[in-house]
1. Each label point is 7 Å from the Cα along the Cα-to-Cβ direction; what then is the distance between the points at residue 212 and residue 144, in nm?
2. Could you work out how far helix 140-149 tilts from the main Cα principal axis of the chain, as a 0 to 90 degree angle to the nearest 10?
3. Build a GNM of the chain with springs between Cα atoms under 10 Å: which of 104, 123, 365 gets the top mean-square fluctuation?
4. So what is the relative contact order for segment 1-60, in percent, with contacts set as C-alpha pairs under 8 Å and at least six apart?
5. Would you calculate, for the chain, the mean residue ellipticity at 222 nm contributed by helices, counting each DSSP H stretch of 4 or more residues as -39,500 (n - 2.57) and dividing by all residues, to the nearest 500?
6. Restricted to Cα positions, what overall size does the chain have along the principal axes? Three whole-Å values, descending.
7. Can you give me the angle between helix 296-305 and the longest principal axis of the chain, using Cα atoms only, in degrees from 0 to 90, rounded to the nearest 10?
8. In nm, give the distance between the simple-model label positions of residue 29 and residue 271, each being 7 Å from the Cα along the Cα-to-Cβ direction.
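Here, each number is a calculation from the coordinates, and none is a lab measurement. As the structure is a computational prediction, the values presented were derived from the model and not from experiment. In this analysis, Cβ positions are derived from the backbone assuming ideal geometry, glycine residues included, and neighbour counts consider all displayed protein chains.
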């Protein structure tokens with residue numbers, strides 16, 4: 001007898017990007033069977049008319065709750081929003097990552113990974129220091145030790161390419177140094193894409209400079225940001241350097257946040273058939289309480305409302321981010337995989353969704369999490385479901 005049967009749901013196949021009405025059976029912490037046939041189970045969850053999806057993978061958010069002014073509480077921001085796998089977006093550098101690991105990462109219910117910031121002290125901390133992105137101050141020896149000690153938790157290097165962090169004197173050199181470090185770490189057998197925070201570039205760095213040096217598997221976060229030079233030309237078309245980068249395998253991450261996107265930018269891109277490969281929340285502490293941009297679920301609903309097909313959206317929060325992180329036990333519902341599942345309700349909702357700049361978009365439906373299963377156990381359930 002199985003522990004759980006999720007019956008008659010619209011099960012999302014993240015490999016094919018399709019829905020199939022079928023049943024999912026769980027035994028212990030594993031998906032035991034996906035089949036139309038009926039078998040006995042100790043617990044039956046009626047998912048008729050609901051979306052049964054792999055547990056969501058939030059590839060970029062900030063979870064250093066105890067050591068950073070921006071860190072969100074992973075237990076509040078993840079499981080209730082259907083997120084069973086998360087990756088901190090480079091909150092910490094080599095000096096403070098060990099404390100982040102012991103005080104946050106191992107304590108969260110969602111499986112938590114992290115990018116390591118190339119700046120030794122990471123993002124602005126409770127000490128209110130700024131990131132040091134001068135490449136001459138980067139410490140490969142300390143970064144290397146962190147990768148060795150915290151493998152496989154660390155899944156790449158984070159570098160910020162914005163005027164607020166770099167000023168106008170360093171140019172693209174921090175990114176070039178991060179790529180150099182990444183190549184060395186890859187030769188040692190580590191999974192190590194470079195994740196770039198793209199926002200209001202320094203005056204001596206162009207979008208074409210940034211996107212042209214990135215490699216297959218590297219990630220550009222905040223691709224729909226609206227400060228400084230954007231991904232659009234003067235006619236509103238996505239620039240060739242951006243399209244070329246996506247074609248060669250550079251990952252385009254919506255990386256939502258509160259201020260790094262606008263509804264018009266999403267609509268403009270989607271109307272041209274340009275979609276993000278990954279949708280992440282970029283949730284921070286304030287995201288727990290203030291909308292817009294307070295969760296991955298909000299980002300999902302915004303993407304659907306702006307015209308991204310729901311199948312592409314769901315793939316961008318399941319299989320695609322799992323691939324970016326180089327993990328093979330998340331993002332899919334398949335026999336033998338860990339039983340991480342979210343049931344979503346596509347419910348009627350006559351209202352508007354907003355960005356942080358006052359732009360709104362009418363919606364008739366929204367996706368809302370009803371139940372989250374983590375490691376074969378019900379970790380969250382709406383009282384009415």
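1. About 3.2 nm, to one decimal.
2. Orientation of helix 140-149: about 20 degrees from the principal axis.
3. Judging by the Gaussian network model, the answer is 365.
4. Relative contact order for segment 1-60 comes out at 43 percent.
5. Roughly -6000 deg cm²/dmol at 222 nm, from the helical runs in the chain.
6. 65, 48, 37
7. 90 degrees
8. Roughly 4.8 nm, to one decimal.
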